[in-house]
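Structure first, commentary second.
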Amino acid sequence: MPAWTCPDCGRVFNRANVRHGCGTGDRAAMLAGEPPQLVALYEALEPTVRGYGAIETVHKDRYALLRTTRIFADVVFMKDALRLALQLDRVFDDPIFFKTVQDQRGRVQQVAKLRDAGDLAIAE
């Protein structure tokens, strides 16, 4: 059950009075100036993400945050790849993940670099 809804933007949170930025940013501004192959890769990732249900994407300067009631992934534009960081409840053993961190509560962050459409298989 949600604990708090922002009176300005209507976003629902699990904890009361969570500090946040209202709005979802500007997708076009985030993509502007990025390498065309990375823009195409990001655009290929979007339908997969939308297939998971009611997910909101927040667009910032060089990154996108994917969230439901909390952020579960972020995508950062690098020079030659998209850096995808997933917040998970367990470790996935896949060679695409070059970094895995598990906190004391068992939450896991796994990070991959997506360089081409073949790398998107981990998101499906």
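Looking across A117, A54, one residue alone is touching a residue at least 60 places away in the same chain (Cβ under 8 Å) and open to solvent by 70 Å² or more (accessible area, probe 1.4 Å). It is A117.
Within the stretch 87-106, residues that are in contact (Cβ under 8 Å) with a residue 24 or more places away in the chain reach partners that are of a type in the set (D, E) with beta carbons closer than 7 Å, at six or more positions or on different chains, in the pairs I96/D119. Only a single item in (1) at pLDDT below 95; (2) surrounded by 13 or more Cβ atoms within 10 Å (Cβ to Cβ) is not met by A81, and it is number (1).
Counting just the residues of the stretch 33-45 that are without any contact (Cβ under 8 Å) to a residue 60 or more places away in the chain and open to solvent by less than 30 Å² (accessible area, probe 1.4 Å), which one comes out nearest to L66 (Cα to Cα)? Among them, the one singled out is Y42. With respect to L66, is the statement that it is under 15 Å from A117 (Cβ atoms), open to solvent by less than 20 Å² (accessible area, probe 1.4 Å) and either in contact with a Ser or Thr (Cβ under 9 Å, 6 or more places away or on another chain) or not charged (D, E, K, R) (or both) true? So L66 fails the test. Among the residues of the stretch 45-57, some residue qualifies, meaning at least one is over 16 Å from L114 (Cα atoms) and β-branched (V, I, T).
You will find that of L86, L38, L65, L114, the residue that is under 14 Å from the mean Cα position of the chain (by Cα) and over 28 Å from V12 (Cα atoms) is L114 and no other.
The values are calculated or read from the model by the stated rules, or taken from the named source; none is laboratory data. Computed from a prediction, not measured in an experiment: that's the story for all the values here. As a convention, Cβ positions derive from the backbone with ideal geometry for all residues, glycine included, and neighbour counts pool all protein chains shown. Only protein heavy atoms, including side chains, enter the accessible area calculation; ligands, DNA and RNA are left aside. Shrake-Rupley method; radii C 1.70, N 1.55, O 1.52, S 1.80 Å.
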